[in-house]
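Written out below as structure tokens is the structure these notes cover.
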Amino acid sequence: MAELVLSTVDQGVLTLTFNRPDTLNAWTDAMGRRYFDLLAEAEKDPAVRAVVVTGAGKGFCSGADFKTLDAVRTGTYDERPDPRPHTFPTTIGKPIIAAVNGACAGLGMVHALVCDLVFTAEEAKWTTAFARRGLIAEYGLSWVLPRLVGQQRAMDLLLSGRVFTGREAYELGLVNRAVPGEQLVAQARAYALELATHSSPASMAVIKRQVWHDWETTLEESARTATREMLASFERPDFAEGVASFLERRPPDFPAL
């Protein structure tokens, strides 16, 4: 049986590839469990400083596997889902970049948008799909989407379930970059390598936690927390190395997280 998620590490960048290309990488509990396990391992691996997530073949992730949906519909679904929520990637202390190479629908769109940054192929096909399947905005998408594109645009994408391209996703502000498909993974890896080389792992972990959680706080609370985090950062070796490397005009040598 083929690996459900492929995994390679190069120069501090872990690339994870959903590997069910015959289904456009439709999500199953088994694939999700393997993906989350690999993210949990990356969290503990000092050799990993940034993660790129993409899909094999012509899809990123086409949403929940229809065999699963049909089993739910008929009451025959009996697998035990992973207890970790679909927002699990937001809890990993290392930056995760989605490289959306093709079909990105429903649950696949959720998993693109719970990454920290999103690059997409210009020609990739995106859709929320839920309303056209008699479903609702799943797994926090009603929280994430309006914060990325605004309420009216989020309503359009969620209510209509229409298909839109990676180029429109960029124009909507949904993604960081839209590039020709043949350049996508290379550009995502290059960006991840830049993070792995020049950004402090400890700083990135704290910043990621701040950004994902500060939406739930007031400005005053966020500022107070940032002050505590700033004082703590002064005590880390990353701070000393960051200043020294700048003054000495050399690349930083930050310790692993």
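Within the range 195-229, count every residue that is under 21 Å from Val52 (Cβ atoms), surrounded by fewer than 18 Cβ atoms within 10 Å (Cβ to Cβ) and under 17 Å from the mean Cα position of the chain (by Cα).
5
Please pick out the residue among Pro146, Pro81, Pro85 that is of a type outside the set (D, E, K, R) and under 19 Å from Arg209 (Cβ atoms).
Just a single option satisfies the conditions, and that option is Pro85.
Taking Lys58 as the residue in question, decide whether it is modelled with pLDDT under 95 and out of contact with any helix residue (DSSP H, G or I) (no Cβ under 6 Å at 6 or more places or on another chain). Working first, answer last.
Numbers: modelled with pLDDT under 95: no; out of contact with any helix residue (DSSP H, G or I) (no Cβ under 6 Å at 6 or more places or on another chain): yes.
Judged against the criteria, Lys58 is not a match.
Select from the range 1-37 the residues that are small (Gly, Ala, Ser) and under 14 Å from Ala56 (Cβ atoms) and write down the one among them that is surrounded by the most Cβ atoms within 10 Å (Cβ to Cβ). Quick ask: steps written out before the conclusion?
Residues of the range 1-37 that are small (Gly, Ala, Ser), as a first pass: 2, 7, 12, 26, 30, 32.
Now drop any that are not under 14 Å from Ala56 (Cβ atoms), which leaves 2, 7, 26.
Working: Ala2: 9, Ser7: 17, Ala26: 24.
By that ranking, first place goes to Ala26.
Is it the case that Leu195 is among the aliphatic types (A, V, I, L, M) and over 25 Å from Gly59 (Cα atoms)? Give the steps one after another, and end with the answer.
On the way: among the aliphatic types (A, V, I, L, M): yes; over 25 Å from Gly59 (Cα atoms): yes.
So Leu195 passes the test.
Given the conditions (1) buried (at least 20 other Cβ atoms within 10 Å of the Cβ); (2) of a type in the set (A, V, I, L, M, F, W, C); (3) in a helix (DSSP H, G or I), report the number of the one that Leu148 does not fulfil.
Result: Leu148 passes all but (1).
With a cut-off of at least 1 residues that are among the β-branched types (Val, Ile, Thr), name the helices (runs of 4 or more DSSP H) lying wholly within the range 161-257.
Working: elements: 166-172, 184-198, 201-214, 219-234, 237-247.
Result: 184-198, 201-214, 219-234, 237-247.
The values are calculated or read from the model by the stated rules, or taken from the named source; none is laboratory data. Because the structure is a prediction, the values reported are computed rather than measured. In this analysis, Cβ positions are derived from the backbone assuming ideal geometry, glycine residues included, and neighbour counts consider all displayed protein chains.
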